[in-house]
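Here's the structure, in structure tokens; my notes come after.
The values are calculated or read from the model by the stated rules, or taken from the named source; none is laboratory data. Because the structure is predicted, anything quoted here is derived from the model rather than measured. Glycine also receives a Cβ, built like all others from the backbone with ideal geometry; neighbour counts cover every protein chain displayed. These accessible areas exclude ligands, DNA and RNA; they are computed on the full protein's heavy atoms, side chains included. Shrake-Rupley method; radii C 1.70, N 1.55, O 1.52, S 1.80 Å.
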Amino acid sequence: MRQHMRCLAVFAIVGLFAAVDPPSGTAQGKRPSKPTDVKVLTRSVACDSYDGVVDSIDADGLILTEKLDGGRVQLHRFVPIDLLREGLAIDDSFGMYTYRWADVKVGDTVTLKVLKDDRDGLTYCLRICITRRPGENLPESQRPKDDSRYKWDRIFNALENGEDVSDEELNKAWPAIHSKRTGEFYPAGMPTRPEFNKYHDLLAANRKRIVEEKEKGVKTKPADGKGEVKKDDKK
């Protein structure tokens, strides 16, 4: 009797696991396979991500400088998939990753989605997001309506470039929020959380410097970053 009960228990456990785990070979049980020809991809796939500054770029590839811990840097070379080479972007990407190859400039800070092709040994760039552009306005992606982070990154980029950003622009980028869940009210404007301290400091420093330059009649770069104008020269 005890032997019979033990067998029933074993069969019950086996049946339980069989019900939970789909048999190998079914659509549910398979892991997505890595593409065999990466350069012709036209859709988003699982891939690696790299952040860094573009050191050089031409039609055939780019060199990315990645900052590592301890002040170390590492250089990476990526080549464009055919779609990027043709001046397009993967259509099913998030809006922020629809920058084209031609949108990128040397000095840009970017996040790249890349994948190595095991057949030719090349690592291909699939998708591009530009987050900073020194000395210039941050360009929009090819799907700006789907790129929600742009309204914040363009302000951070402007502040890092030494520009002023009006309170009206800040309020538009971060509108007032009343949380129905907690009842808390968050006023419009750039948040005051610790991660924003850098940008509050930059905003204050930029405004102070611009006022001082205005009083001295110093040539000041306009907000659009194009050329220079001389404001309110003292007579």
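Some points to look at:
- Meets criteria (among the small types (Gly, Ala, Ser) and part of a loop (DSSP other than H, G, I, E, B)) for Ser56: no
- Residue among Glu184, Glu215, Glu228 that is at pLDDT below 95, surrounded by fewer than 13 Cβ atoms within 10 Å (Cβ to Cβ) and closer than 23 Å to Arg132 by Cβ: Glu228
- Qualifying positions in the stretch 94-144 - among the hydrophobic types (A, V, I, L, M, F, W, C) and more than 23 Å from Asn161 (Cα to Cα): Phe94, Trp101, Val114, Leu115, Leu122, Cys125, Leu126
- Breaking point among (1) open to solvent by 90 Å² or more (accessible area, probe 1.4 Å); (2) assigned to a helix (DSSP H, G or I), for Leu75: (2)
- The lone criterion from (1) open to solvent by less than 20 Å² (accessible area, probe 1.4 Å); (2) at pLDDT below 95 left unmet by Arg119 is number (1).
- Out of Gly189, Gly162, sole residue that is surrounded by 13 or more Cβ atoms within 10 Å (Cβ to Cβ), over 30 Å from Asp91 (Cα atoms) and touching a Leu at 6+ places or on another chain (Cβ under 6 Å): Gly189
- Residue match in the stretch 85-95 (condition: basic (Lys, Arg), within 30 Å of Thr36 (Cβ to Cβ) and not in a loop (DSSP other than H, G, I, E, B)): yes
- Residues in the stretch 145-187 that are under 15 Å from the mean Cα position of the chain (by Cα) and in a helix (DSSP H, G or I): Asp146, Tyr150, Lys151, Trp152, Asp153, Arg154, Ile155, Phe156, Asn157.
- For Arg149: the one exception among (1) open to solvent by 30 Å² or more (accessible area, probe 1.4 Å); (2) among the basic types (Lys, Arg); (3) at pLDDT 95 or above: (1)
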